[in-house]
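Laboratory data are not the source of any read-out in this text; all were calculated from the coordinates shown. Only a predicted model underlies this, so the values are computations on that prediction, with no experimental measurement involved. Cβ placement follows ideal geometry from the backbone for every residue including glycine, while neighbour counts extend to all protein chains displayed.
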Amino acid sequence: MELKFSGQFRRDIANRNKALSEEIRNTIKNAKEAQSLSQIQHLVKLKKYEVHYRIRVTENYRIGIIVRGNTVWFSRFGHRNLFYKKLFP
């Protein structure tokens with residue numbers, strides 16, 4: 001799969017602690033190696049949207065992605081309390 005990163009995603013992951021940064025890298029690597037969406041671990045489609053998904057990074061953090069064809073756009077990253085309410089409505 002082809003991966004692209006939004007500017008907002010890059011700002012969201014800046015200045016994270018080392019353990020969380022490692023989990024984000026592992027999640028991105030998993031998505032890059034996947035041949036289809038079903039091979040991405042912890043991926044769930046968001047109910048209101050056609051092409052929006054979330055990936056659980058740790059128990060409390062989520063990555064928001066948009067899938068168009070064979071391209072995966074990493075759009076947002078945040079704590080689950082804010083993710084569903086404000087970051088990725």
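General observations
- Listed by position, the strands (runs of 3 or more DSSP E) contained in the chain that have at least 2 residues being surrounded by 11 or more Cβ atoms within 10 Å (Cβ to Cβ) and of a type in the set (Phe, Trp, Tyr) are 71-79.
- Residue check for VAL57: under 9 Å from the mean Cα position of the chain (by Cα), of a type in the set (Val, Ile, Thr) and under 17 Å from PHE9 (Cα atoms): yes
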